[in-house]
Amino acid sequence: HAKESGRGQLCLFSPEMNQRVFEYLWLDTNLRKALEHQQLIIHYQPKISPDGKVNSAEALVRWLSPERGLIPPNEFIAYAEESGLIVPLGRWVMLTALQQILAWRRQGIFLRVAVNVSARQLIDQSIYNDLKQALQQNGISVSPIDIELTESCLIDNEQQALHLMHQFRQLGAEVHLDDFGTGYSSLSQLARVPIDAIKLDQSFVRDVDERPISQSLVRAIVAVAKALHLRVIAEGVETAKEEQFLLENGVDERQGYYYGKPMPADMLEHWLAQRPAGS
Ligand code: C2E
Ligand code: MG
Ligand code: MG
Ligand code: MG
C-alpha cells in the first residue's frame, strides 16, 4: 500500500491492480490476433423444447489460446466490450453460426442458433445489416439465428435497441431477454420491449426445488411472462428435481448441464443422434 511504503516513495499500483493491468495488456495484444488467426471457437448448448425435442442451441464463444489453453468468455468478453473488439467478434460468431446451421441442414439436422449480443453491438445497424446480408446471400428467407440480449442492453440507448429488436424480428429472428431477473428492467418496460421469450437467470433455477424464495420468484416471473404472452426459458438446469419444479410451474423450455453442456458442433451431432428417436 502507498501509505506503508513510507515518505518519498510512491506506490501507484497494488499487486492486484498490477495483475489487472497486466491482464488488460495481455488481452489487448492477444485478442485481436486471436480473431485474425481463427483461435476463437463456438460451443453449442442444446435447448429442450416443450415437446422434449431439440430445435435450438445457443452459441457460446471460447478462445483456444496457444499460450493458455481454453479460455472461457467471462475472461475476455468484458475486455472485448470495452475495447470495441466485441463488434468484429460478435459478427464472427453470428456468421460462423449461420454457416454451421447450413452445414447441419446438409446433414439433415435442422436447428436454430441463438447468439449473445452485447449492448455495444446495438449502437449502430451493422449487426442487423450483417445478418440481413448473410441471409440474402444464402437464399434464406426466415432467419434461423435468434438474438439473446441482456436487460443492460436496454439501458444506454433504449430507442436504438428497441428499433433493432423490431428489425431482427422482421427478419424472422426471435429476440430473447437473457439473465432475466438480474438486471434493472421494470415490469412496465417488459411490456414494451419487442421480445419472444425471457431466459430465467440461473440464480433462480439453482436448487429451486429446495428454496422457497426462488420458488416464489419463478412463479411470479412465469405469471408476468404469461400475461405478456412471452415464453420462459430456464437456463442452468442441473438436476431432475429442478426440472420437475420448473415443469410443474409452467417453464417448459429448458437448458443446462442436466441435458447437455456447451459442446463443439460435431459433439452436438453425436449428442443429438444418441437421444431417443423422435426427440
Ligand atoms: P449466458 O449467455 O447467460 O450463457 C449461459 C452460461 O451458463 C454459459 O457460460 C453456459 O456454459 C453456462 N451454463 C449453461 N448451463 C449451465 C448449468 O447447468 N450450470 C452452470 N453452472 N452453468 C451453465 P459461458 O459459456 O462461460 O458464457 C458466459 C457468458 O459469456 C454468457 O452468459 C454470455 O453472457 C457471454 N458470452 C458467451 N459467448 C458470447 C458471445 O459470442 N458474445 C457475447 N456478447 N457474449 C458471449
Ligand atoms: Mg445467453
Ligand atoms: Mg444467461
Ligand atoms: Mg449470464
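Just so it is clear, none of the values below were taken in a lab; they were calculated from the coordinates. A quick note: this is a predicted structure, and the numbers were derived from the prediction, not measured. Glycine gets a Cβ as well: all are built from the backbone with ideal geometry, and neighbour counts include every protein chain shown.
Taking a straight Cα-Cα cut-off under 20 Å and skipping sequence neighbours fewer than 8 places away in the same chain, the lysines within cross-link reach of K261 are K47, K53, K199, K241. Specify the residue with the greatest mean-square fluctuation among Q125, Q137, Q45, computed from a Gaussian network of the chain linking alpha-carbon atoms under 10 Å apart. Highest fluctuation among the options: Q137. Per the Debye calculation on the chain with a single equal scatterer at every Cα and no solvent contribution, log₁₀ I(q)/I(0) for q = 0.08, 0.12, 0.16 Å⁻¹ amounts to -0.38, -0.82, -1.35.
Would you mind checking the tilt of helix 158-170 against the longest principal axis of the Cα atoms of the chain, expressed as 0 to 90 degrees and rounded to 10? Result, in degrees: 40. Report summary: the helix-based calculation at 222 nm, which adds -39500 (n - 2.57) for every DSSP H run with n ≥ 4 and divides by the residues of the chain, gives -13500 deg cm²/dmol. Scaling against 2.2 N^0.38 Å puts the C-alpha radius of gyration of the range 202-279 at 1.22.
Reported to the nearest whole Å, the Cα centre-to-centre distance from the range 94-132 to the range 201-258 is 27. When the Gaussian network model of the chain links Cα atoms closer than 10 Å, the mean-square fluctuations of D179, D156, D201 top out at D156. Taking Cα atoms only, the orientation of helix 265-274 departs from the longest principal axis of the chain by about 30 degrees.
Each residue of the range 178-193 was assigned a 3J(HN,Hα) from its phi angle through the Karplus curve 6.51 cos²θ - 1.76 cosθ + 1.60 (θ = phi - 60°); the sequence is 7, 6, 5, x, 9, x, 10, 6, 8, 5, 5, 5, 4, 6, 9, 7 Hz, with glycine and proline shown as x.
For the chain, a crude dipole built from +1 on the beta carbon of Lys and Arg and -1 on the beta carbon of Asp and Glu, taken about the Cα centre, is about 420 debye to the nearest 20.
When the charge dipole of the chain is built from unit charges on Cβ atoms (+1 for Lys and Arg, -1 for Asp and Glu) and taken about the Cα centre, the candidate among I86, Q137, C153 whose Cα reaches farthest toward its positive end is Q137.
Close amide H pairs (under 5 Å, H built 1.01 Å from N) link E148 with V115, N116, V117, H176, residues at least 5 positions away or on another chain. Of all the options P46, P194, P73, the one that moves most in a Gaussian network model of the chain with Cα springs shorter than 10 angstrom is P73. Shape descriptor for the range 97-172: Rg over Rh equals 1.00 (Cα atoms; Rh from the Kirkwood inverse mean 1/r).
Relative to the dominant Cα principal axis of the chain, helix 212-227 is inclined by about 60°.
Excluding the site residues themselves, the longest part of the chain lacking any chymotrypsin sites (Phe, Trp or Tyr not before Pro) in a DSSP loop with at most 12 other Cβ atoms within 10 Å is 14-109. Considering only P46, T182, V205, the residue lying farthest towards the positive end of the dipole of the chain is P46, judged by Cα position with unit charges set on Cβ.
Projecting the Cα atoms of I109, S65, L122 onto the charge dipole of the range 26-144, computed from C-beta unit charges around the Cα centre, puts I109 farthest toward the positive end.
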